[in-house]
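First comes the structure, then the notes that go with it.
Each value in this text was obtained by applying a stated rule to the coordinates, not by laboratory testing. Everything quoted here is computed from the prediction, not taken from an experiment. Cβ atoms come from the backbone with ideal geometry, glycine included; neighbour counts cover every protein chain shown.
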Amino acid sequence: MQYALVAGVMSVMFGVGSSYITNLIGVAYPAFMSFLALESDGLEDDKQWLTYWVCFGAFNIVDQFAGIILTFIPFYYFLKLGFLVYLFHPSTLGATTVYNTVIIPRLQQYEKHLAEFEQKASSAFESAKEQVGGFTKKEQ
């Protein structure tokens, strides 16, 4: 297991399959640990892995939009892998730190705008649902 991890990190460092290996390590291990956390009795590990997935999702959104620019950064996938390991590693609890210092302040900053967006989306959904209901009633 240890040799496979070292080989994976070396492959990322040298650019061989770096995107695939980075995503595999960033998803496979946390998914397995999340499964174990769901089956355990305590809630603390559940919270840690849920926090990881929130941070992972936010990071992937940024990565998708800025990915073209970020690939020009030397050793980008190596840095990305290091960041993902920082997020999920039990000794750093990086996901909790990122969540508390980056994500929560941004959510609080835009809370009013998000609530307005949620209200508009909900009313648009209800309107669409009524229109679709009207079509199905006419067809019958």
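So the values come out like this:
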| read-out | value |
| --- | --- |
| Reachable aspartates and glutamates, given that their alpha-carbon falls under 17 Å from the alpha-carbon of LYS47 and they are not under 8 places away in the same chain | GLU39 |
| On Cα atoms only, tilt of 44-70 relative to the major axis of the chain in degrees | 90 degrees |
| The chain: angle of helix 18-39 to the longest principal axis, Cα-based, in degrees nearest 10 | 70 degrees |
| Max mean-square fluctuation residue, GNM over the chain, Cα-Cα springs under 10 Å, options LEU114, LEU38, LEU87 | LEU114 |
| Distance in nm between pseudo-label sites at ASN60 and TYR29 (7 Å out along the Cβ direction from Cα) | 1.8 nm |
| Potential lengthening between ALA124 and VAL6 on full extension [0.36 nm per residue; Cα-Cα distance subtracted] | 37.4 nm |
| The range 2-95, relative contact order in percent, only Cα pairs under 8 angstrom and at least six apart counted | 34 percent |
